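Peer 1: Just dropping this structure here.
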Amino acid sequence: MKSPLAGTNKDILFPYIKDHLEEYLSAHWEEDECKQDVHLLKKQVEEDLRLHRACAQHSLDQSGHTDEEKAIREVVDNVLWQMASDRKSTALKQLQGHMWRAAYAAGRIKGEVYQDVVPSIRRWRLQGLKVYIYSSGSVEAQKLLFGYSVEGDVLDLFNGHFDTNIGTKVESKSYVRIAERMGCPPEEIMFLTDVTREAKAAEDAGVNVAVVVRPGNMELTEEERSHYNLITTFSQLEVTGSA
C-alpha cells in the first residue's frame with residue numbers, strides 16, 4: 001500500500017491575511033479569541049528575545065496601550081514581519097487560522113486547488129490508496145481549505161491530516177513519526193512537495209518523493225532536477241496500492 005501525502009494548492013490564503021489583517025483585528029480586537037491570539041504573539045516575542053532569536057523590532061502589549069490603533073498597528077507589523085521571514089510559529093498559525101475560518105464562513109474566500117488535484121486523488125482512492133495531508137498550516141486550516149474548496153467539501157478524500165505538531169517538514173524524524181501514525185513503513189509512502197528541503201528530509205527517512213513543479217515555485221537547480229522525480233500535475237503520478 002503506497003500512501004501519497006498531498007497538499008498542493010494555489011496561494012490565495014497568505015495574500016488574504018496581508019490584505020485584511022488590520023481590518024480583522026479592528027473588528028475583533030475586544031473579543032476573547034482575538035485577545036488570546038495577541039497574547040500568544042506577545043509570548044512568542046518574549047521567547048524570541050530570551051533565546052536571542054531574530055524578532056520584530058518591538059514587543060507586543062495589548063493591555064499597555066491607550067491608543068488602540070497604535071496597538072493594532074504593532075500586531076500588524078509583527079505578523080507581517082513573521083510572514084516575510086517565513087516563520088512557522090504557533091502564534092502566527094493560530095491567528096491566520098482564525099482569520100481564514102471567518103473568511104470561509106462568510107464566503108469571502110474558497111480553497112483554491114489546482115484542477116488536477118481532486119480528480120487525481122479520487123482516482124488514487126479508487127485504486128485503494130490512502131491519502132493524507134502534511135502541511136505547515138494547522139490541521140484546522142487544512143480542513144477549512146478542503147471543506148470550503150472551489151470543488152465543494154472534499155474532506156472525505158483524505159484519511160488524515162498532519163501539521164507541524166508532529167515536527168517540522170525539513171526534519172527527517174517528522175516523516176518517521178508520520179509513518180508510525182499511518183501504520184506503514186516509510187518506503188510505502190509517496191510524499192509530494194514543491195520544496196526540495198522537505199523532499200530531502202522525507203528521502204532521508206526512507207520515504208518516496210516526487211517534487212511538484214508549479215508556476216511561481218522556487219526554481220530548481222540542475223542537480224535537483226536530475227535527482228528528483230519531477231511532476232507538473234498530480235495526473236502524471238502513477239502509483240499502485242491496495243485497500
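Peer 1: Looking only at 165, 217, 78, which one moves most when the chain is put into a Gaussian network model with springs between Cα atoms under 10 Å?
Peer 2: Comparing 165, 217, 78 in a Gaussian network model of the chain, the most mobile one is 217.
Peer 1: Here's another thing I want to ask about it. Output the 0 to 90 degree angle, nearest 10, between the alpha-carbon long axis of helix 13-28 and the longest principal axis computed from the alpha carbons of the chain.
Peer 2: Helix 13-28 and the main axis of the chain meet at about 30 degrees.
Peer 1: Among 78, 96, 138, flag the residue with its Cα farthest along the positive direction of the charge dipole of the chain, charges on Cβ as +1 for Lys/Arg and -1 for Asp/Glu.
Peer 2: 138
Peer 1: Report the net charge of residues surrounding residue 161, where surrounding means a beta-carbon distance below 11 angstrom and charges are Lys +1, Arg +1, Asp -1, Glu -1.
Peer 2: Net charge around residue 161: 0.
Peer 1: Stretch residue 184-residue 70 to full length: gain in nm at 0.36 nm per residue minus the Cα-Cα span?
Peer 2: 35.9 nm
Peer 1: Based on alpha-carbon centroids, what's the gap between segment 96-143 and segment 145-185 in Å, whole number please?
Peer 2: Using only Cα atoms to place each centre, the spacing works out to 11 Å.
Peer 1: Looking only at Cα atoms, what is the convex hull volume of segment 142-243 per residue, in Å³?
Peer 2: Expressed per residue, the convex hull around the Cα atoms of segment 142-243 is 128 Å³.
Peer 1: Given bins 5 angstrom wide, list per bin the percent of all Cα-Cα distances in the chain, short to long.
Peer 2: P(r) for the chain, in whole percents per bin: 1, 6, 13, 16, 17, 16, 12, 9, 6, 3, 1, 0, 0.
Peer 1: Here's something else I'd like to know. 222 nm [θ] for the chain, helices only, -39500 (n - 2.57) per DSSP H run of 4+, per residue, to 500?
Peer 2: Theoretical 222 nm ellipticity from helices: -14500 deg cm²/dmol.
Peer 1: Which whole-number percent gives the relative contact order of segment 140-243, counting Cα pairs below 8 Å spaced six or more residues apart?
Peer 2: 17
Peer 1: Something else: Please return the longest stretch of the chain lacking exposed loop sites, where GluC sites (Glu not before Pro) count only if DSSP places them in a loop and at most 11 other Cβ atoms lie within 10 Å.
Peer 2: 32-218
Peer 1: In addition: Give me the dipole magnitude in Debye, nearest 20, for the chain about the Cα centre, with unit charges on the beta carbon: positive for Lys and Arg, negative for Asp and Glu.
Peer 2: Result for the chain is approximately 700 debye, rounded to the nearest 20.
Peer 1: For the chain, what proportion of DSSP beta bridges, expressed in % and rounded to the nearest 5, is antiparallel?
Peer 2: Roughly 10 percent of the beta bridges in the chain run antiparallel, per DSSP.
Any read-out appearing in this document is the output of simple, stated calculations on the displayed coordinates, not a laboratory observation. Keep in mind that this is a model prediction, so the values were computed, not measured. Cβ: placed from backbone, ideal geometry, glycine included. Neighbour counts: every protein chain shown.
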